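So the structure is just underneath, and the comments pick up after that.
Only the coordinates and a few stated rules stand behind these numbers; no lab work does. Keep in mind that what you see is a predicted model, and the values were worked out from it rather than measured. Counting neighbours? That spans all protein chains shown, and the Cβs are built from the backbone with ideal geometry, glycine included.
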C-alpha cells in the first residue's frame, strides 16, 4: 500500500532535515510502495549522501567524524514504561561497551536529522512504532518488551508516587505530582489520563501509529488513538498486534531471565556480563534520595474496574503475545 502525504513530509523532515521543496517532490514520493521503500529512496539520494558527510564544527562535536555506514546494524529498543526497559538497556550496553548510544530517550527521534541518527548503533527510549521504523540503516533489529498490563499500570503509579514531589526536578512532572496527591483510584479517574500513552492502553498506543481507513494509512494523535480504541477496539487491537509481530523480537517480562542471552545472540553479541535487574523500587528507595518508600493501597472494586478500563485492549494484546511468544506459559 502506498505511503501517505503526511508520511512523505515526516520522512523528509527526519531523513533530510527539511520540508519537501514543492508539491511535485511530495507527489513523486507518494509512488513509494511502503515506508521502507520511501526510507530507502531518501537514504540513497544524492542529497543524503552529500549532507551526511560532516562539514561543520557542530557535526564534528556531535561525534559524526565520518560518513555513516548505513550497512552497519542498528539496534532499536521500543521501551514501554515499567517493562524492564532500564534493565535491558543496561544489559545491552554492558555487553556492547563500544556501541555508540543515541541520547534521545523520548518521542523526539523525528527532530533529529538522519545524518546524526545514522552515526549511532543503539537506540533505546520511549519511541513510537513509526519512529523506530524510520531510523536510517539497511539492517535494523527492532524489539520491545511486554508485561501483564494491570501489573504494569500498578507499577507505574507506585513508581511515580515514590518520587519526592517537593524536589525541583520533580516539580514539572505532571504524573508524579498527580500520583502524589491522589490515591490510585482517584489517579486512574483523572480525565487527562484517558489520552495518556503511559496510562491508557500503552501497548496499543505505542504501536498504533498507522491504521487503515478506507484504504489509506495515516499518522494518529493521542486523541485520535483514544477515539479508535473506544469506537473500534477490535481494529485497534489487530493493527497493534500486526505491528508488534513485525518486530525482530518480542519479549515477555516474565521470560526475560531465560530469554536475555538469546536476545544478545540474535543481535550478534556475546554475553560477558549477566543480566541484572534494575529499577526495582525497593532497591531504588534505599539508594536514591530523590525517591521514597510508598505503601501499597487497598484496592476497591472501583479501583479494579478502572485498572481494567485502562488496559482493556492491552490485555487482549498481551494474551495473544503470551500465547505466541511466551516461554513460561
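At a glance:
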{"read-out": "Helix axis angle, 233-245 relative to the chain longest principal axis, alpha carbon, degrees", "value": "60"}
{"read-out": "Estimated [θ] at 222 nm from DSSP helical runs (n ≥ 4, -39500 (n - 2.57)) normalised by residues in the chain, nearest 500", "value": "-13000 deg cm²/dmol"}
{"read-out": "Choice from 257, 98, 195 showing the highest fluctuation, given a GNM over the chain with Cα pairs closer than 10 Å", "value": "98"}
{"read-out": "Mean Cβ count within 10 Å, highest first, over the residues of peptides 280-288, 243-251", "value": "243-251, 280-288"}
{"read-out": "Most fluctuating residue given options 130, 173, 117, as computed from a GNM of the chain linking Cα atoms under 10 Å", "value": "173"}
{"read-out": "Global geometry of the chain, whether rounded, prolate or oblate, following the gyration tensor of its Cα atoms and the 1.5 cut on a/c", "value": "prolate"}
{"read-out": "Residue order, fewest to most beta carbons within 10 Å, for 234, 209, 6", "value": "234, 6, 209"}
{"read-out": "Segment 204-323 shape via C-alpha gyration tensor axes, a/c threshold 1.5", "value": "oblate"}
{"read-out": "Percent of C-alpha pairs per 5 Å bin, segment 86-238, short to long", "value": "1, 7, 14, 16, 18, 17, 14, 8, 3, 0, 0"}
{"read-out": "On Cα atoms only, tilt of 301-310 relative to the major axis of the chain in degrees", "value": "10"}
{"read-out": "Whether segment 237-282 is rounded, prolate or oblate, judged on the alpha carbon gyration tensor where a/c under 1.5 counts as rounded", "value": "oblate"}
{"read-out": "Residues 155, 258 arranged by fewest to most Cβ contacts within 10 Å", "value": "258, 155"}
{"read-out": "Antiparallel bridge percentage (DSSP; both residues within the chain; nearest 5)", "value": "20"}
{"read-out": "Ranked 102, 83, criterion: other C-beta atoms within 10 Å, fewest first", "value": "102, 83"}
{"read-out": "C-alpha long axis of helix 256-267 to longest principal axis of the chain, angle in °", "value": "0"}
{"read-out": "Inter-part distance where segment 1-34 and segment 248-280 are each reduced to a Cα centre, Å", "value": "37"}
